[in-house]
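Heads up: the structure comes next, in structure tokens.
The values are calculated or read from the model by the stated rules, or taken from the named source; none is laboratory data. Computed from a predicted structure; not experimentally measured. Cβ sites come from the backbone with ideal geometry, for glycine too, and all protein chains shown count toward neighbours.
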Amino acid sequence: MIRILDWLKERRISDRRSFSASLESKDHGLHYHAIIRYRWWLNLDSPAPRPLAPDALARHLLREELTSVASTYRLLDRAAAADAMNSALSQELGDHGQRIRVEGRVRIRVPKPMREAAMRRAEEEEALRSAHARETVELELLLDRLTDPVLGPVWWVSRYADLQFATGDPKQKVDSVLGAFRQLQETLHAARIDQTSDEKLLVRRKIEEVFSVIEDKETLSLALQVMNRTLDHLGISRAAGGKPGLNGSGRDMVPGPSTESD
């Protein structure tokens, strides 16, 4: 009887409690301001000792749960963050020994200074992304220019014109500049060939995987047609006689005994 009275008393005094908390968002250093309304009650069936400060324990459980959710949302995504937080609180929380049960709900807002800081940060991030995209385009255009067999050498010589004709023998300097360009161009061409070879090797392996499990002739015929179109799209040559092959090898892709080795 005494335990029931204690439980009713604790239940009554735990209603309509609230506290505020600062919850850090995914944007490091930027926080939501949260108002958490909650209530708790002791679990009389738990064999663990009764908590000495149940209210503080309840606040700690709520704060820990909400902090973990808030850290996954950008500050300006306030509505989505609020939904996720209340979804996390839709089930009762409990401590390790299940001595206490806690339920609550939260309202969050973004203080004006935090909102302004988040907007400045978003603008700076967008500027960085734009600059990165611009630099990527410039480098791709530069790569096209350097690997161009006609315009590449002309552009390279023009770039170092001041160095070539300042003093000394221009012929020697032009030869030196063009030699450096040829070395650079060979390196770039080799890199492109390696990349293309890797892509074709990957395609070949995937195709062989598919054909190794096809047994039905009709399905195999359809697969061969699809593969032909794919090879044409990738610029990979077919074998003579219409049979598909990779890199002009003419390998017969029909399942069956084969003596050819890769």
Going through V226, V203, V154 one at a time, which residue ends up being more than 30 Å from K26 (Cα to Cα), at pLDDT below 70 and assigned to a helix (DSSP H, G or I)? V203
Output for region 69-97, where each listed residue is within 23 Å of the chain's Cα centre (by Cα) and assigned to a loop (DSSP other than H, G, I, E, B): S71, T72, Y73, R74, L75, L76, D77
On the basis of being assigned to a strand (DSSP E or B), out of contact with any Cys (no Cβ under 8 Å at 6 or more places or on another chain) and not polar (S, T, N, Q), does R121 make the cut? no
Condition check: surrounded by 13 or more Cβ atoms within 10 Å (Cβ to Cβ) and modelled with pLDDT of 80 or more. Does R121 satisfy that? yes
Please enumerate the residues belonging to region 34-68 that are touching a residue at least 40 places away in the same chain (Cβ under 8 Å) and either of a type in the set (S, T, N, Q) or part of a helix (DSSP H, G or I) (or both). N43, S46, P54, D55, L57, A58, R59, L61, L62, R63, L66, T67
Does L57 qualify as being touching a helix residue (DSSP H, G or I) at 6+ places or on another chain (Cβ under 8 Å) and at pLDDT below 95? no
Exception for K112 within (1) touching a residue at least 24 places away in the same chain (Cβ under 8 Å); (2) among the charged types (D, E, K, R); (3) surrounded by fewer than 10 Cβ atoms within 10 Å (Cβ to Cβ) falls at (1)
Tell me, yes or no, whether region 52-73 has at least one residue that is more than 20 Å from S18 (Cβ to Cβ) and among the charged types (D, E, K, R). no
What is the one condition in (1) surrounded by 10 or more Cβ atoms within 10 Å (Cβ to Cβ); (2) at pLDDT 75 or above that S176 does not satisfy? (2)
Just one of (1) in a strand (DSSP E or B); (2) farther than 14 Å from F19 by Cα trips up I108, so point out which. (2)
Does region 95-109 hold any residues that are surrounded by 17 or more Cβ atoms within 10 Å (Cβ to Cβ) and touching a strand residue (DSSP E or B) at 6+ places or on another chain (Cβ under 7 Å), and which are they? R99, I100, R101, V102, G104, V106, I108
Return the pairs, sorted by first residue and then second, in which the second residue is of a type in the set (G, A, S) and outside any helix (DSSP H, G or I), the first residue lies in region 79-93 and is under 16 Å from A21 (Cα atoms), the beta carbons are less than 7 Å apart, and the residues are 6+ apart or on different chains. L89/G104
